[in-house]
Amino acid sequence: MMKAIILLWTLSLTILAAGAWLVCPQGQCATTAIDHAGLALAHDLRGARLDHWMPALTWLGSLAVLLPVTALAALVLWRGRHRRAAGFLMLALLGASALSHLVKLAVMRPRPDLFPVWTAMPADWSYPSAHTMQITALAVAVVLVAARRRALWILPLGSAVLLVGLSRIYLQVHFPSDVLAGTLAAALWAGGLHVLMFGRLSAHDSRRLNVGRA
């Protein structure tokens, strides 16, 4: 169990570190060819309908939305005596958020400035995308505790992760590399946390969520 935790969290940190090295080698941040192409494509896709929806969709990754929703879900689980699952959801979200902001402070990558921005530019650094890490970690956490209903959650939660990531690029507030690194790192973070909190009992505990017993 411990080996799995170390592996998953090491991979998460390695992805963030490798991404930081690629976009800010020796502390000198630059726009990679892939980042430039992604932002240019997002700019070319601009349209009235997307301009209307993308600023709203991007809020799906904000703590202002995710934190109260997660807290409510955790409260329901806690009152239903599923306390480990409740704690797991909260820690997955808050841990991913904290990790993203710590890496931002370490890397200090400026926000994109290649094309016009279509929303208020966030005041913090660009790498990695906190919105993407937050929605990804929560989505993975929900799927991991959903047990027999897991298949029902994969499509809507996967779509939410995709839409948030694309919205950050479309709005020109994040480079594609910010989003990609954040998605992968957050998924591995949540997976490692799940192993830590549930371990070999994860399948058993998940089944208990479906029969209403803790």
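The values are calculated or read from the model by the stated rules, or taken from the named source; none is laboratory data. Not measured: the values here are computed from a predicted model. Positions of Cβ are backbone-derived with ideal geometry, glycine not excepted, and every protein chain shown enters the neighbour counts.
Just to be sure, is Ile34 buried (at least 17 other Cβ atoms within 10 Å of the Cβ) and within 21 Å of the chain's Cα centre (by Cα)?
No: the conditions fail for Ile34.
Specify which of the listed residues (Leu94, Leu39) is in contact with a helix residue (DSSP H, G or I) (Cβ under 9 Å, 6 or more places away or on another chain) and over 24 Å from Tyr170 (Cα atoms).
After ruling out the rest, the residue left standing is Leu94.
Thr119 versus (1) surrounded by 22 or more Cβ atoms within 10 Å (Cβ to Cβ); (2) among the polar types (S, T, N, Q); (3) outside any helix (DSSP H, G or I): which is the lone unmet condition?
Going through the list (1) surrounded by 22 or more Cβ atoms within 10 Å (Cβ to Cβ); (2) among the polar types (S, T, N, Q); (3) outside any helix (DSSP H, G or I), Thr119 breaks only (1).
Considering only segment 96-111, state which residues are farther than 15 Å from Ser12 by Cβ, out of contact with any Cys (no Cβ under 9 Å at 6 or more places or on another chain) and either buried (at least 24 other Cβ atoms within 10 Å of the Cβ) or among the basic types (Lys, Arg) (or both).
Correct list: Lys104, Arg111.
Among the residues of segment 79-93, which ones are out of contact with any Phe, Trp or Tyr (no Cβ under 9 Å at 6 or more places or on another chain), of a type outside the set (D, E, K, R) and surrounded by fewer than 17 Cβ atoms within 10 Å (Cβ to Cβ)?
Answer for segment 79-93, where residues must be out of contact with any Phe, Trp or Tyr (no Cβ under 9 Å at 6 or more places or on another chain), of a type outside the set (D, E, K, R) and surrounded by fewer than 17 Cβ atoms within 10 Å (Cβ to Cβ): just Gly80.
If I go through segment 21-31 residue by residue, how many of them are exposed (fewer than 14 other Cβ atoms within 10 Å of the Cβ) and among the polar types (S, T, N, Q)?
Selection size over segment 21-31: 2.
Of the residues Val161, Val142, only one is more than 21 Å from Asp51 (Cβ to Cβ) and either charged (D, E, K, R) or without any contact (Cβ under 8 Å) to a residue 40 or more places away in the chain (or both); which?
Criteria check complete, one pass: Val161.
If Ala141 meets every condition in (1) closer than 15 Å to Leu184 by Cβ; (2) surrounded by 24 or more Cβ atoms within 10 Å (Cβ to Cβ) apart from one, which number is that one?
Only one criterion in (1) closer than 15 Å to Leu184 by Cβ; (2) surrounded by 24 or more Cβ atoms within 10 Å (Cβ to Cβ) is unmet by Ala141, namely (1).
With the requirement that a residue be touching a helix residue (DSSP H, G or I) at 6+ places or on another chain (Cβ under 7 Å) and either in a helix (DSSP H, G or I) or over 25 Å from Pro55 (Cα atoms) (or both), what does segment 105-116 give you?
Result: Val107, single match.
Residues of segment 37-52 being hydrophobic (A, V, I, L, M, F, W, C), within 23 Å of the chain's Cα centre (by Cα) and loosely packed, with under 14 Cβ neighbours inside 10 Å, which ones?
Across segment 37-52, the qualifying residues are Ala37, Leu41.
Hey, which of the helices (runs of 4 or more DSSP H) in segment 1-84, taking only ones fully inside, have at least 2 residues that are modelled with pLDDT of 95 or more, under 18 Å from Tyr127 (Cβ atoms) and out of contact with any Pro (no Cβ under 6 Å at 6 or more places or on another chain)?
By residue number, 2-23, 33-44.
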